[in-house]
Amino acid sequence: MNSRQRVMAALSHQVPDRVPTDIWIVPEARQKLLAHFGRGADVHALLHIDAPIQAGPEYVGPALPEAGVGQTVNYWGIRTRKMDYGCGEYDEISFSPLADAETIDDLEAYAWPRAEWFDFSGMSERLSECHMEKATLCGYMAPFTYHAYLRGLENALTDPLLAPEFTEHLLRRLGEFFYEYHRRMFQVAEGLIDMAHVTDDYGMQTGPLISLEVFRRFYKPHLKRFCGLTHEFGAKVFHHDDGAMRDFIPDLIEAGIDILNPIQWRCPGMEMAGLKRDYGRQLVFHGGIDNQQTLPFGSEADVRAEVRTAIDALAADKTGYILAPCHNIQANTPVGNIIAMYEEAYHYGRF
């Protein structure tokens with residue numbers, strides 16, 4: 001099988017020739033891999049990584065505002081600033097454009113993005129070039145995430161409780177943009193998109209970030225609509241959701257998700273064997289290799305052992321699993337551990 005066939009078999013709950021693999025990695029760690037293998041090396045080929053190809057439209061909308069010194073700004077008006085944490089840099093939000101909004105009139109005064117601001121015409125050519133060899137993953141529909149980006153996390157957590165009508169209006173405007181943007185994307189690239197992100201983060205390290213009641217009233221209806229749109233065009237729904245979020249899984253399945261990432265198995269309720277037992281017929285699992293302890297601080301033997309454990313648990317029926325790190329491989333991860341993860345998956349994950 002080639003990479004696309006392997007991934008698509010796992011997504012269809014058919015048995016591939018081996019467990020497919022993906023990689024999420026910060027730039028500093030990727031540079032360490034390139035230094036190890038040599039500049040210009042095809043790391044994906046060397047490590048047998050089946051990562052999907054991603055593509056998006058070109059922004060052709062109004063000129064973006066000035067960001068300020070040391071900051072960047074996007075078409076939402078959200079500003080970020082690079083923060084150096086000693087071993088790596090991250091773009092952290094420095095300005096949320098709706099943080100001070102108080103009324104629905106304030107929301108209406110905001111310049112909501114429009115699908116007309118994007119040129120989708122180049123996506124088909126980009127995706128056609130690789131579609132026979134690689135699976136494709138496009139789009140990003142994330143209502144809670146963008147609620148937090150636009151309002152700030154504290155406001156996003158309290159808005160549903162203190163201002164429910166305001167919250168519903170904000171999410172309705174978010175949803176209108178996400179739906180139309182992705183509808184046009186799917187139409188232009190019809191038949192070329194295998195997966196699309198319908199995603200959010202509802203879990204913390206120790207438990208849920210929001211209540212099920214808040215999720216069901218405010219966010220689930222939008223996720224269900226986005227999942228329906230994705231399925232209408234024959235694509236699978238990829239749902240990223242960090243932390244201890246098991247309580248949400250039945251509702252997410254009902255909403256229509258197909259793939260669950262990242263499977264942080266050290267968090268309460270996220271034990272791999274239990275997830276496979278309870279939800280393996282309905283979901284494909286993506287991730288599973290711990291990047292908080294095992295990858296950065298474990299030995300190569302520890303990494304290899306965890307790869308075998310993940311395959312035994314999440315691919316217990318020889319399908320329905322794409323092995324990958326639990327979120328981005330961090331800059332402090334030894335190159336040997338990264339190589340060990342993919343080498344072990346390549347050899348142990350054969351069926």
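The table below gives the values:
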quantity: Beta bridges per DSSP with both ends in the chain, % antiparallel, nearest 5; calculated: 40 percent
quantity: Nonlocal amide H pairs with Asp242, under 5 Å, H built at 1.01 Å; calculated: Tyr202, Gly203
quantity: The chain, helix-only ellipticity at 222 nm - DSSP H runs n ≥ 4, -39,500 (n - 2.57), divided by all residues, nearest 500; calculated: -12000 deg cm²/dmol
quantity: Cross-link reach list, lysines versus Lys224, counting only Cα pairs under 25 Å and skipping chain neighbours closer than eight places; calculated: Lys236, Lys276
quantity: Karplus-derived HN-Hα couplings along the stretch 94-103 (A = 6.51, B = -1.76, C = 1.60, θ = phi - 60°), whole Hz, x at Gly and Pro; calculated: 10, 7, 10, x, 10, 4, 9, 5, 10, 10
quantity: Cα-based Kirkwood hydrodynamic radius, the chain, one decimal, Å; calculated: 21.2 Å
quantity: Theoretical gain in end-to-end length, Asn2 to Asp302 [0.36 nm per residue, Cα-Cα removed]; calculated: 105.1 nm
quantity: Relative packing of 67-73, 258-264, 115-121, which averages over residues the other C-beta atoms within 10 Å, highest first; calculated: 258-264, 115-121, 67-73
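Read-outs: derived from the displayed coordinates by stated rules, not from any lab. If you're wondering where the values come from, they're calculated on a predicted model, not measured in any experiment. No Cβ is skipped: glycine too gets one built from the backbone with ideal geometry, and neighbour counts run over all protein chains shown.
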